[in-house]
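Note sheet for the following structure.
Only the coordinates and a few stated rules stand behind these numbers; no lab work does. Keep in mind that this is a model prediction, so the values were computed, not measured. Every residue, glycine among them, receives a Cβ derived from its backbone with ideal geometry; neighbour counts consider all protein chains shown.
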Amino acid sequence: MEIYEKIARSLPDLAHKMKQAGLTDEPETYVKKTLFTASFMSFGITLIFFLFLPTALVLIAIPILFPLFFFYFIKYVDVRIERIKRNIDQEIVFAGRFLIIELDSGVPIFEAFENVRKNYEVVGAYFEDIMNKVYLGTNIEDAINDTLMTTPSPNLRKLLWQILNSIKTGAEAGNALNTIVDQIVREQQIAVREYGKKLNPLAMFYMMATIIFPTIGTTMIVVLLTFLGINLTMPFFAVGAFLLAFVQFMFLSMIRTTRPPIST
């Protein structure tokens, strides 16, 4: 058994996560691609460092960078799932209200699904998946159940569960769906208030990590090394600029990922 097959088997949730992320590769193939990408990035960055610091010690970076890149890229599935979830949650309220209006107007449920598919790109893709399965001979209840397993958004799962229950019981779906949509709106409003509370400490961290510390720290290091008679070379400033850019990138990524998706 090859190493990437062993790694894939050690990650039992990977296959399910790949379905939620919309990735069509087999888990073994995905792990294989990740290993090659991590190897390429490790050797590439080590080569760049070697151009600035032509010494054999730079090769130590390979066994350090490789596991970092591997775990980073293997988590791409989770990142993609989170991105899809956020995109769904940005549409879910509008799509839910649209579906309620359609059903309350007497539109057949299958036709309502078709209208949601036409008007909402992200949420509509899941309703399109249900419709395609029905066209292929799957009954609508099983089609909804299958789609429930592949959606990463709890809010969309709530919506689909209620539709499924209404189909099974024959009850009106409008009132129950309206309650779910109102609950989603309240949860999003709470998330916005919590996000506002997080911004102040994050902004303080950004000022300290990317403005205050680099400015004062670089000045102090330059003065200290000048007194010691040590000349600063370009690689020193290049590495410092790289680290500063990395911290800024991580901060912006943190802000982007913690910002709640709002659809109202």
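In table form, for the structure just shown:
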quantity: Residue exposure sequence - GLU82, GLU102, GLU121 - by fewest surrounding Cβ within 10 Å; calculated: GLU121, GLU82, GLU102
quantity: Kirkwood-Stokes translational diffusion coefficient of segment 130-216, alpha-carbon pairs, 25 °C, 0.890 mPa s, µm²/s; calculated: 149
quantity: Efficiency of FRET between ASN165 and ALA125 - r from beta-carbon atoms, R0 30 angstrom, step 0.05; calculated: 0.85
quantity: Three-way shape call for the chain based on the alpha-carbon gyration tensor, with the a/c threshold at 1.5; calculated: oblate
quantity: Potential extension, GLU141-MET250 segment - 0.36 nm per residue separation minus Cα distance; calculated: 34.9 nm
quantity: Segment ASP13-MET149, length gained on full extension (0.36 nm per residue, minus Cα span); calculated: 47.7 nm
quantity: Segment VAL107-TYR195, length gained on full extension (0.36 nm per residue, minus Cα span); calculated: 27.8 nm
quantity: Helical segments meeting 24 Å axial Cα length and Kyte-Doolittle -1.0 threshold in the chain (DSSP H); calculated: 27-52, 76-104, 174-207, 234-258
quantity: Förster radius 51 Å - calculated FRET efficiency between VAL222 and GLU172, Cβ distance, rounded to 0.05; calculated: 0.10
